[in-house]
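Quick notes on the structure that follows.
The values are calculated or read from the model by the stated rules, or taken from the named source; none is laboratory data. Please read these numbers as outputs of a predicted model, since none were measured by experiment. Here the Cβ positions follow ideal geometry from the backbone for every residue, glycine too, while neighbour counts run over all protein chains shown.
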Amino acid sequence: MKINLDNKMVRFLVQEYVNQICNYSTDNDLNYNTYKLIHTFQVVEMAQILIDKTRPALSEKMKKHILDAALLHDLGRCHEFKNGKRLKVDHGKIGAKLIKKNFPQMKTEALATLFHNKLPSRKDPQSCQPVLDYVRDADMLANLKYQSDDANMWLVRILDSEDKSFLTPVIDKEIFNAVKENRPVKCNKIKTRNLLTMWLWELCWFFNLRTTVGINYAKKEKIFIKFKKVIMKKIVPLTTLKPRKQKELTQQIQTAFPDSLFLK
């Protein structure tokens, strides 16, 4: 991965993040912003892979819109975390405002940023399709792929927190309901926001994939299957030391998320 600071948008994005990284208040601030900056370029990388697999279907103009939107989609994240705590703000809205202010001509990218972190719905603006679909898929696939690859490093960042209440060995019922109904998890229905539930609802992103190329890539690379195995191997043991409980949780995950689900 190489970052070209000659690009005005890249330079602006990196500047926003580096300012937060250099003025961090806690290690959580530092870890969060560093991770999100790296994640941004991982999403650009994934977006390029999805674009490469659709050639020559996409125009050069559309390809540029997708890559620019992927670059700017999490611009608002660096203003979301402060003094070791995540603020109750919409990073999509913050990012869209920053784009409108600094790159007023980039209306498609601003809209994609505004809506990328929301569940697909009829409210999605048609003017930024399929850019929004590609950015959503690239974001989801990058998250799962790289969290699977770098699970140990990622978990160190999570466990750096003094609050260990999120290690409760319970899977929220909304996770199972979402799988049964073949839909993404409705976060406002999650009652137990623990580590296990958090990682499992990322598996439900499978139902969010919007592009054919995104679905095919996920199947071929077995991204969701690999991520599920990381959850059972790394996350479940963190939630409880009891072998019986670990076995029970693993069986629940295997039953709810069979490999066949991700290969349809």
Report task. For the range 127-152, enumerate the residues that are among the small types (Gly, Ala, Ser), crowded, with 16+ Cβ neighbours inside 10 Å and either touching a Lys or Arg at 6+ places or on another chain (Cβ under 9 Å) or modelled with pLDDT under 85 (or both). Result -> Ser148, Ala151
Report summary line: Going through the range 24-57 in order, the residues found to be outside any helix (DSSP H, G or I) and surrounded by fewer than 17 Cβ atoms within 10 Å (Cβ to Cβ) are Ser25, Thr26, Lys53, Arg55, Pro56, Ala57
Query raised in the report: What is the number of the single condition among (1) of a type in the set (A, V, I, L, M, F, W, C); (2) part of a loop (DSSP other than H, G, I, E, B); (3) farther than 30 Å from Leu132 by Cα that Leu238 does not meet?
Result: (2)
Report task. Mind listing whichever residues of the range 161-184 are within 22 Å of Lys233 (Cβ to Cβ) and either over 20 Å from the mean Cα position of the chain (by Cα) or at pLDDT 90 or above (or both)? Result -> Ser161, Lys164, Leu167, Thr168, Pro169, Val170, Ile171, Asp172, Ile175, Phe176, Val179
Query raised in the report: Taking the stated definitions as given, is Leu155 buried (at least 16 other Cβ atoms within 10 Å of the Cβ) and modelled with pLDDT of 95 or more?
Result: no
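Out of curiosity, is Asn117 crowded, with 17+ Cβ neighbours inside 10 Å, of a type in the set (S, T, N, Q) and at negative phi? Walk me through it before giving the result.
On the way: crowded, with 17+ Cβ neighbours inside 10 Å: yes; of a type in the set (S, T, N, Q): yes; at negative phi: yes.
Answer is yes for this residue.
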Report task. Considering only the range 190-210, state which residues are modelled with pLDDT under 90 and over 19 Å from the mean Cα position of the chain (by Cα). Result -> Thr192
